[in-house]
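Okay, so here's the structure we're looking at.
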Amino acid sequence: MKKPENTMAPFSDLSHDSTGPIPVSDFSSDSPLPATECDVLIVGGGINGCGIARDLAGRGWRVVLCEKDDLASHTSSSSTKLIHGGLRYLEYYEFSLVRKALQEREVLLKSAPHIMWPLRFVMPHDPSMRPAWMIRIGLFMYDHLARREVLPGSRSIDLRRHAAGKPLKDQYKRGFVYSDGWVDDARLVVLNALDAKARGAEVLTRTRCTQARRDADGWTATLEGPQGTRTVRARAVVNAAGPWAESFLRGVAQSAKGESLATKSLRLVKGSHIIVPRLFEHDHAYIFQNPDKRIIFAIPYQDEFTLIGTTDIELNGDDPGAARIAQDEIDYLCTQASRYFEKAIVPADVVWTYSGVRPLLDDASGDPSAVTRDYMLESNTTAAPLLSVWGGKITTFRKLAEDAADEVGKMLGQSSAQRPAWTDGAFLAGGDLSAWIGAARRPDEDFERFVSAVQAKYPWLYGKLTRRLARAYGARVSEVLGDAKSLADLGPAVAPRLHERELRFLQTHEWAVSSDDVLWRRSKLGLHYTPAEREQVAIWLQANAINNKVEVEVG
């Protein structure tokens with residue numbers, strides 16, 4: 001896989017040397033904030049916003065991205081964490097979406113093998129749900145709708161002889177196994193932001209766009225962040241605000257006459273998950289069919305746990321940022337999983353939950369599960385260009401970003417031939433392991449070779465820490481560890497397997513500010529810590545707060 005050339009144009013309104021580290025923000029609380037001119041202002045720091053910022057910056061556009069909270073602080077860190085085609089979408093005849101997602105699955109698994117890896121799924125056969133012939137046809141299509149290079153195909157299994165049958169009730173004797181992929185969703189967002197930053201984009205977290213006024217020549221936006229208010233003048237705006245995309249158009253973005261620019265409606269659907277202690281020893285995941293015709297997954301999670309989800313609940317009038325799991329959702333997930341597992345799962349088993357809100361384009365479907373997960377890009381060029389992102393799923397973010405960058409270029413008078421697409425075949429930050437392991441073979445195999453190489457270079461690291469750092473940072477692990485020659489060189493352990501050096505790295509290189517940023521998005525260490533240990537991390541971050549200057553090496 002070849003690294004793309006860095007073709008970024010100079011960010012001429014900033015005073016940084018384009019050959020060295022680029023701070024995310026150079027303004028302090030005691031100095032006025034400079035106005036900025038850019039080609040594109042992107043509102044929203046989830047997977048779509050960061051993916052679009054990366055693609056546009058790589059094509060040489062001057063990009064500013066603002067996110068009102070932390071990167072991936074909402075929908076993009078609350079997925080089922082799968083890179084998948086979406087087997088169930090075949091029943092809704094979404095063949096185009098499934099094909100596109102399957103194609104992207106292959107691309108993504110190669111781009112960042114440290115945060116994405118192949119996963120085999122077991123579907124126990126329940127004749128009362130769907131006949132075996134129907135499942136076989138669906139899996140055949142799933143295997144052949146797009147070319148597979150990385151993942152093995154599907155097959156039937158005898159659950160009485162297969163390890164995956166051991167945790168299940170005796171009534172499930174046959175099953176099917178197929179392939180998809182796993183992803184650390186929050187880190188996927190951060191890696192896109194890092195690549196965008198390295199290519200010249202300015203990424204502003206905890207910075208809200210409070211007004212965007214449109215005229216014939218461009219946009220004037222007001223951004224409010226930790227250091228104060230700032231004005232950005234942009235030629236085009238990309239609305240990638242996720243669950244807030246519609247409200248952004250209704251209340252923030254305005255025409256020169258102050259009119260709302262909203263033309264479409266979102267349908268907000270909450271998906272909730274529960275985490276329980278590990279239910280099985282093998283490394284396969286399960287997909288279970290439910291009497292309500294929905295499916296849920298049970299997936300190995302963070303070594304010691306099992307993730308179960310998801311639900312589909314209409315969110316009417318509630319703040320998407322305040323979405324939380326309801327007791328009836330917990331009961332539902334426990335009940336449905338208990339239909340299959342020999343050991344009953346009860347609400348008391350739940351150690352953690354999370355909920356995310358899917359911003360789906362309202363297509364008037366009666367069933368929230370039937371609403372399309374495909375994306376739509378809406379271009380508005382009645383004055384200065386505006387592109388709004390509606391819908392989408394994490395697996396197709398790269399293709400969405402590519403399509404969005406093509407469209408933005410067209411609106412700004414540059415064709416995709418003049419500023420071509422480049423991300424298909426490009427590594428994400430830390431994804432190029434060749435310096436550690438030589439030629440790539442298979443993503444899962446490559447990662448294990450990489451872990452061994454890291455352990456050999458840093459023999460004083462202990463196994464669990466080695467693997468976690470390798471998973472989180474990939475080839476960037478040497479940036480985290482620097483010239484350390486012993487565990488003591490990493491500084492005191494603020495909490496188990498979390499040393500001061502890594503915390504400082506997350507502050508200065510990955511926009512981390514709060515303990516939630518560190519423990520639930522940059523990692524999932526919060527799941528392994530006691531409340532007292534989580535509090536220690538919060539205390540350290542507060543005592544060692546910095547002015548959010550993030551540096552990323554260019555090239």
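The values are calculated or read from the model by the stated rules, or taken from the named source; none is laboratory data. Fair warning: this is a prediction, and the values are worked out from it, not measured in the lab. No Cβ is skipped: glycine too gets one built from the backbone with ideal geometry, and neighbour counts run over all protein chains shown.
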### Task
Look at ALA262 and say whether it is out of contact with any His (no Cβ under 9 Å at 6 or more places or on another chain), outside any strand (DSSP E or B) and either over 24 Å from THR75 (Cα atoms) or not hydroxyl-bearing (Ser, Thr, Tyr) (or both).
yes
### Query
Under 7 Å by Cβ, and 6 or more places apart or on different chains, what pairs join a residue from the stretch 175-186 that is of a type in the set (Ser, Thr, Tyr) with one that is assigned to a loop (DSSP other than H, G, I, E, B)?
TYR178/SER154; SER179/LEU151; SER179/PRO152
### Every residue from the stretch 317-348 that is buried (at least 17 other Cβ atoms within 10 Å of the Cβ) and either modelled with pLDDT under 95 or not aromatic (Phe, Trp, Tyr) (or both)
PRO320, ALA323, ILE325, GLU329, ILE330, LEU333, CYS334, GLN336, ALA337, ARG339, ILE345
### Task
Working carefully through the options GLU281, GLU259, find the one that is assigned by TED's automatic domain parsing to the domain that holds PHE305, exposed (fewer than 14 other Cβ atoms within 10 Å of the Cβ) and either in contact (Cβ under 8 Å) with a residue 12 or more places away in the chain or out of contact with any Lys or Arg (no Cβ under 6 Å at 6 or more places or on another chain) (or both).
GLU281
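Is it the case that GLU479 is among the charged types (D, E, K, R), surrounded by 20 or more Cβ atoms within 10 Å (Cβ to Cβ) and in contact (Cβ under 8 Å) with a residue 24 or more places away in the chain?
no
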### Query
What number of residues in the stretch 513-540 are outside any helix (DSSP H, G or I) and without any contact (Cβ under 8 Å) to a residue 40 or more places away in the chain?
2
## Note on the structure
Over the stretch 163-211, the set of residues in a loop (DSSP other than H, G, I, E, B), in contact with a Pro (Cβ under 6 Å, 6 or more places away or on another chain) and not hydroxyl-bearing (Ser, Thr, Tyr) is ARG206
### Query
How many of the residues making up the stretch 224-256 are buried (at least 19 other Cβ atoms within 10 Å of the Cβ) and basic (Lys, Arg)?
2
#### Entry: In the stretch 69-103, the residues that are among the charged types (D, E, K, R) and in contact with a strand residue (DSSP E or B) (Cβ under 8 Å, 6 or more places away or on another chain)
LYS81, ARG88
### Task
Among the residues of the stretch 306-316, count how many are at pLDDT 95 or above and touching a helix residue (DSSP H, G or I) at 6+ places or on another chain (Cβ under 7 Å).
3
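I'd like to know if the stretch 149-158 contains one or more residues that are within 25 Å of ASN48 (Cα to Cα) and either touching an Asp or Glu at 6+ places or on another chain (Cβ under 7 Å) or not charged (D, E, K, R) (or both).
Yes, because at least one residue in the stretch 149-158 is within 25 Å of ASN48 (Cα to Cα) and either touching an Asp or Glu at 6+ places or on another chain (Cβ under 7 Å) or not charged (D, E, K, R) (or both).
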### Task
Starting from residues that are free of Cβ contacts under 8 Å to residues at least 40 places away in the same chain and assigned to a helix (DSSP H, G or I), keep the ones in the stretch 116-148 and report whichever is farthest from GLY181 (Cα to Cα).
TRP133
